[in-house]
Amino acid sequence: MPKVHIPTPLRQYAGKQAAIEVSGSTVGEALSGLVSQHPDLRRHLYTEEGKLRAFVNVYLNDEDVRYLQKEATAVADGDNISIVPSIAGGSAIESCETCKWVN
Amino acid sequence: MLRLGQSHYDALRQHGEETYPHECCGVLLGRFEDGTRVVTSLARAGNTRTDSPQNRYNIHPKELVHIQREAREREEDIIGFYHSHPDHPAQWSQTDHAEAHWLGCSYVITSVEKGKAALTNSFELTGTDENDKKLVDEKIEVV
């Protein structure tokens, strides 16, 4: 089964586990399996419309699934799926992609 | 609270001097210990914001995946991040707040004035989700 690696802030919603084996033949199925096992993860990963949040990067092994087949990307036994929230910022005060989260 | 050794503290400040007048960035690795984040190593990262490196930073997620994998092998976790503010205060900006997503982690900012590291402050990203997150001042204990 593929393994999903959980970033430290989300482990509290995933039974304090760092990695969870899930079933599924695509990235989307694997993530759906993950949130059905751990429903509290859903709001941290998905918008209310059910789309992956813009700042949530999903990597299959070493590749960003956005540049593969997104959630339809096939996964196999032994694959590693990493959930990686983005790391960005800076002293600039101009508007930024995710500034909609402010206020 | 954030606890780190003098060598790690010096190293993250020096990183900001090296990349001046651009922002540096990196990852704090270690463990969570009763509300204290204890740094056991640092991982320098490249700043992908080549369009505006003097006041923006971004760590490529692929680099983060690699850092996370190597940390896992040493039984370390990602406990925070650091970056510099060239000729700008060591306070979080609106951009820093908006683009901070690792709740429960430390965000360390060093102001670098004319190429020399000045103040270093740390902020914990508190809250339960994107709607109520806050960057809160936290003590840095250098040991």
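The values are calculated or read from the model by the stated rules, or taken from the named source; none is laboratory data. Because the structure is a prediction, the values reported are computed rather than measured. Methodologically, a virtual Cβ is constructed for each residue, glycine included, from the backbone with ideal geometry; neighbour enumeration extends over all protein chains shown.
Brief remarks on what is shown
- Residues of the stretch B:89-125 that are under 18 Å from residue A:44 (Cα atoms), touching a strand residue (DSSP E or B) at 6+ places or on another chain (Cβ under 7 Å) and among the aliphatic types (A, V, I, L, M): B:100, B:103, B:125.
- Filter result for residue A:92 (of a type outside the set (Asp, Glu), modelled with pLDDT under 95 and either within 30 Å of residue B:90 (Cα to Cα) or surrounded by fewer than 19 Cβ atoms within 10 Å (Cβ to Cβ) (or both)): yes
- The residue of the stretch B:62-85 that is farthest from the other protein chains (Cβ to nearest Cβ), among those that are buried (at least 23 other Cβ atoms within 10 Å of the Cβ) and over 14 Å from residue B:41 (Cα atoms), is B:84.
- Filter result for residue B:50 (within 22 Å of residue A:7 (Cβ to Cβ) and either out of contact with any Lys or Arg (no Cβ under 8 Å at 6 or more places or on another chain) or part of a strand (DSSP E or B) (or both)): no
Residue-wise test of (1) facing another protein chain (nearest Cβ under 8 Å); (2) among the β-branched types (Val, Ile, Thr).
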| site | (1), (2) |
| --- | --- |
| B:102 | yes, no |
| B:109 | no, yes |
| B:114 | no, no |
| B:118 | no, no |
| B:134 | no, no |
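- Residue check for residue A:11: over 24 Å from residue B:76 (Cα atoms) and within 11 Å of chain B (Cβ to nearest Cβ): no
- Cβ separations smaller than 7 Å between residues 6+ apart or across chains give the following pairs from the stretch A:75-87 residues that are more than 26 Å from residue B:109 (Cβ to Cβ) to residues that are of a type in the set (S, T, N, Q) and part of a loop (DSSP other than H, G, I, E, B): A:75/A:25; A:79/A:61; A:80/A:61.
- Every residue from the stretch B:96-105 that is under 14 Å from the mean Cα position of the chain (by Cα) and closer than 21 Å to residue B:60 by Cβ: B:96, B:99, B:100, B:101, B:102, B:105
- Being surrounded by fewer than 20 Cβ atoms within 10 Å (Cβ to Cβ), at the interface with another protein chain (Cβ under 7 Å from one of its Cβ atoms) and touching a residue at least 12 places away in the same chain (Cβ under 8 Å) is true of residue B:88.
- Scanning the stretch B:4-33 for residues that are surrounded by fewer than 22 Cβ atoms within 10 Å (Cβ to Cβ) and touching a Lys or Arg at 6+ places or on another chain (Cβ under 7 Å) yields one hit, B:17.
- Members of the stretch B:100-123 that are surrounded by 15 or more Cβ atoms within 10 Å (Cβ to Cβ), in contact (Cβ under 8 Å) with a residue 40 or more places away in the chain and of a type outside the set (Gly, Ala, Ser): B:105, B:108, B:110, B:112, B:120
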